[in-house]
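Asker: Would you mind keeping the following structure in view while I ask a few things?
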Amino acid sequence: MIPATPESASGAEYLGVGIGLRPTHYAEILADPSAKSLGIDFFEAISENYMVPGGRPPRVLESVRNSFPVALHGVSLNIGSSDPLDADYLDRLDALARRFAPAWLSDHLCWGSVDGRFTHDLLPMPYTWEAVEWTARNLREVQDTLGRPVAVENVSSYAEFHASEMTEWE
């Protein structure tokens, strides 16, 4: 993820250069979590990896958060699905965001379920006005529930939908 620049109109805080927080990095980071010798300015944590009540992942994230800004990026918001938003998921995401005070929250602009059955994949959105309106309504509900802005990142689409009414960048 490329963070907003200081001149960005998004209002997102510019954090510098960051990397994803992965278990393979834990030992080096925890050896001296305040070390700027790591050569990074912030960590991006996959929200779902830390939405647990206890254990090692939240303890590591807490240690990292004490020394670095953190951005939370999710993979399961399912904001483009026609299924209702998952209230339990939103509650857990809200608790995570309150606990770790991320610089920003983000997830993917995609869908991954139909009638409550998940594909466990990030499926691209059709490029239609109906999809735009549906997703915007879901995003407003998410932001109202969490009380904070949420950035969305489009996923790669390797095929064109026959029903497309616009290009991907539109």
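Asker: Summing Lys, Arg as +1 and Asp, Glu as -1, what charge do residues with Cβ under 11 Å from the Cβ of Ile19 carry, Ile19 excluded? Could the numbers behind the result be given before it?
Answerer: Values: positive: Arg22; negative: Asp41, Glu44.
That sum, taken over residues with Cβ under 11 Å, equals -1.
Asker: Please compute the alpha carbon radius of gyration of the range 12-89, then divide it by the globular-protein estimate 2.2 N^0.38 Å. Two decimals is fine.
Answerer: So the range 12-89 has a normalised radius of gyration of 1.24.
Asker: Please list the non-local residues whose amide H lies under 5 Å from the amide H of Ser106, H modeled 1.01 Å from N, same-chain partners needing a gap of 5 or more.
Answerer: Amide H neighbours of Ser106, under 5 Å, 5+ apart: Leu72, His73, Gly74, Ala151.
Asker: If you don't mind, there's one more thing I want to ask. Under a plain spin-label model, where a point goes 7 Å from the Cα along Cα-to-Cβ, how far apart in nm are Phe118 and Arg148?
Answerer: A separation of 2.1 nm, rounded to one decimal place.
Asker: Can you tell me the orientation of helix 56-67 relative to the chain, as the angle in degrees between its alpha-carbon axis and the longest Cα principal axis, to the nearest 10?
Answerer: For 56-67 against the chain, the angle is about 70 degrees.
Asker: Could you tell me how far the Cα centroid of the range 146-170 sits from the Cα centroid of the range 12-28, in Å?
Answerer: Measuring centre to centre over Cα atoms gives 25 Å.
Asker: Give the Rg/Rh ratio for the range 99-165, taking Rg as the radius of gyration of the Cα atoms and Rh as the Kirkwood radius, to two decimals.
Answerer: Numbers: Rg = 13.5 Å, Rh = 13.5 Å.
Taking Rh as the inverse mean 1/r over Cα pairs, Rg/Rh reads 1.00.
Asker: With springs only between Cα atoms under 10 Å, which of Gly16, Gly55, Gly74 fluctuates most in a Gaussian network model of the chain?
Answerer: Gly55
Asker: Estimate the FRET efficiency between Asp41 and Asp91 by the formula 1/(1 + (r/R0)^6), using the beta-carbon distance for r and 41 Å for R0, to the nearest 0.05. Intermediate values should be presented prior to the final figure.
Answerer: Numbers: r = 30 Å, r/R0 = 0.74.
FRET efficiency, Asp41 to Asp91: 0.85.
Quick note: the coordinates plus some simple rules give every number you see, no bench work behind them. These figures come from a predicted structure and were not determined experimentally. Cβ atoms come from the backbone with ideal geometry, glycine included; neighbour counts cover every protein chain shown.
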